[in-house]
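One structure, as C-alpha cells, below. Some questions next.
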Amino acid sequence: MSHVVKALRLSLVNSLTSVGWPWAILAMTFAVNWAIFAVLPDDVPVPDRQTGALASLYFVALIANLQLWTQGFPFAMGLSLTRKAYFGGTVLMLLLQSVVAGVALTALSRVEAATSGWGVDMKFFAPWVFDQGNLGARFLMYAVPFAMLSALGMVIGVVFKRWGQSGVYTLTITSLLLIAVVTLLVTWQDWWAAIGRFFTDSSFVGLTAGYPALLAVACASLAWLGLRRAAP
C-alpha cells in the first residue's frame, strides 16, 4: 500500500496538468458562454438557453490524464516503482478526480439554479440532460462519466507506451471500423427502433452512471493488461 500511496503522490506532483488544466479550460469556456448569453435578446426563451460546453471538462480531462501514462509512467519506473503500484496510485488519482468533479459540479449546478442561471438564465452546469434527479443521482451523473473518460485515457496512454504512435493509430482505425460495422449491421437488421426503445425505457441514471461505470471498469482492466508488458 505504501508504494501505491507513493505513486499517488507522484501523480499529484503533476496535478497542474491532470487536474488544473481541465478546470481552467472549463472556467474559460464558462466565461465565453456567459458573455454570449448575456447579450442574447430577452425574447430568447429559457429552454433555449442551453449549452453543452460542460463537455469540455471531460474531454480535456481525458487528454490530461492520458499524460499520466505517456510522461509519468517512465518517471515512476525510474524511481523503482512497480507497474502494479503505479497503476494502483493512478487509479486512486482518477477516482479522487471523479469524486471532486462530481461534488463540484453538483454544487455549481445548485448555485446556477439559485442565481437564475448566473443572472442570464444560462443552463451551463445543468443543461436538460443533467437537470433531473436528486443530489445523489446528479453526483453520479457527473462523476461516473468523468471516471469513464479518464479510464479511456488510461487505455490510450498504455497503448501508446506499449505500441507507440502506430498502436494509437491502429486503435483509432479499428474503433472507427467497428463503429461502422455495427452501424451497418443495425441498419441492415432494422434494429434502430429497438435501440430507441432501450434508451427511452432505461432510467437516465442507468444510462449516465450505470453503464459508464461498467465501461470504466472494462477500460481500467484493459489498461492493466497492456501495462504489464509496456516498456518504461
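Every number here is computed from the coordinates shown, using simple stated rules; none is lab data. From a predicted model like this one, the values you see are computed outputs, not experimental measurements. We place every Cβ from the backbone using ideal geometry, glycine too, and count neighbours over all the protein chains shown.
Which FRET efficiency, nearest 0.05, do Val181 and Asp42 yield, Cβ-Cβ r, R0 45 Å?
0.35
What percent does the relative contact order of segment 2-227 come to when contacts are Cα pairs within less than 8 Å and at least six residues apart?
26
Along Cα→Cβ, 7 Å out, is where each label goes; now give me the distance between the ones at Phe204 and Leu225 in nm to one decimal.
3.5
Which of Asp43, Asp48 comes first, and how do the rest follow, when ranked by fewest Cβ neighbours within 10 Å?
Asp43, Asp48
Moving on to the next point. Explain nothing, just the number: dipole magnitude of the chain about its Cα centre with +1 on each Lys and Arg Cβ and -1 on each Asp and Glu Cβ, in debye rounded to the nearest 20.
Dipole about the Cα centre, nearest 20: 1300 debye.
Which of the listed residues, Val217, Ala53, Ala38, is farthest toward the dipole's positive end in segment 2-227, when Lys, Arg count +1 and Asp, Glu count -1 at the beta-carbon?
Result: Val217, furthest along the dipole toward the positive end.
Just checking my list [x] -0.46, -0.79; [y] -0.34, -0.62; [z] -0.39, -0.72 against log10 I(q)/I(0) by the Debye sum over Cα atoms at q = 0.09, 0.12 Å⁻¹ computed from this structure; which label fits?
It is the one labelled [x].
Relative to a virtual label point 7 Å from the Cα of Trp23 in the Cα→beta-carbon direction, which members of segment 68-99 show backbone nitrogen distances below 20 Å?
68, 90-99
Using a ≥ b ≥ c from the Cα gyration tensor of segment 105-225 (square roots of the eigenvalues), is it rounded, prolate or oblate, where a/c under 1.5 gives rounded and otherwise the larger of a/b and b/c decides, a/b for prolate?
Oblate shape, in that a/c is at least 1.5 and b/c is the bigger or equal ratio.
For segment 176-232, rounded, prolate or oblate, judged on the Cα gyration tensor with a ≥ b ≥ c (square roots of eigenvalues), a/c < 1.5 rounded, else prolate if a/b > b/c?
oblate
For segment 133-191 and segment 48-69, what is the separation of their C-alpha centers, rounded to whole Å?
That distance is 14 Å.
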